[in-house]
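The values are calculated or read from the model by the stated rules, or taken from the named source; none is laboratory data. Nothing here was measured: the structure is a model prediction, and the numbers come from that model. When we count neighbours, we look across all protein chains shown, and the Cβ atoms used for this are built from the backbone with ideal geometry, even at glycine.
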Amino acid sequence: MKENKKDKAGIITKASASYSDMSLLRTAIQLSNPLGGALDKLLSLLGEPYQQKRFQHFIIELDARLKRIEESINIEPSEPLHDLMMQVFNDVIKTRSEEKRKYFANLITNQVVNDHVWDDAETACRLLADLTDMHIKILQEALKAPKCEAYNNQRIILLTNYYEGISNGPTDISPYFPELHIAVLKMACSELIAKGLLHDAGIGGYADSGGAMELFRATEMAQWLMDWIAEPKESA
């Protein structure tokens, strides 16, 4: 029985090998041949090694997580699992961030462990693909910020020290991004608001707020996504 579980756990690894053999970049290089050898060399030398490195890193991270659960979880081959894996593979080879590739590995493993609705898993995958490390860091800080007594005990963040000195006031997260201009952080927050992950708490919320794009709080959807990309736990 133990051997059978290992065989099932190896389905994802076998799928990854097949995917590597039919990478989108390799197809693009082949299609470029009629255009001449120079472009072909440029694509093959500058693109493929990076994608292979990213893909291999993801597989190593995913394998480490699957090994922790393979004794207690049966991984059954299915069309939805195949589709989710192909979706993740396409996203993984496009991200430079090692941390984000780990999040993708967590997402796959959490789906295997918890057996969520497949549409939920695919939605979480698409959402993660659209976010950068900066976006995720902002959400993490927003979710763990201390509660503000003056703001209905909500966890409120801001991007300046405008409210410095207010007892139990909003948490200034700008020190966590010292290399970034405030305009970049505001743009990132705006993008998170558009995706439903952050709420602009300065609009019609508090009399002493600086107005729009000053105060923010994470939404329930933000916590939902963080649960998807958290380190997986074995099922009971």
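Quick notes on this structure:
- Set side by side, the residues ASP91, ASP120, ASP83, ASP63 differ, and just one is surrounded by 12 or more Cβ atoms within 10 Å (Cβ to Cβ), closer than 27 Å to LEU180 by Cβ and either touching a strand residue (DSSP E or B) at 6+ places or on another chain (Cβ under 9 Å) or of a type in the set (D, E, K, R) (or both), which is ASP91.
- Checklist (1) more than 30 Å from PHE104 (Cβ to Cβ); (2) at pLDDT 90 or above applied to GLY210, failing item: (2)
- Scanning region 143-157 for residues that are outside any loop (DSSP other than H, G, I, E, B) and at pLDDT 90 or above turns up LEU143, LYS144, LYS147, GLN154, ARG155, ILE157.
- Contacts under 8 angstrom Cβ, first residue in region 133-150 being under 22 Å from ARG101 (Cα atoms), partner in a loop (DSSP other than H, G, I, E, B) and aromatic (Phe, Trp, Tyr), 6 or more apart: MET134/PHE177; LYS137/PHE177
- The criterion of at least 1 residues that are at pLDDT 90 or above and outside the structural domain of LYS137 (by TED's automatic domain parsing) is met, among helices (runs of 4 or more DSSP H) falling completely within region 1-120, by 48-69, 79-92, 98-114.
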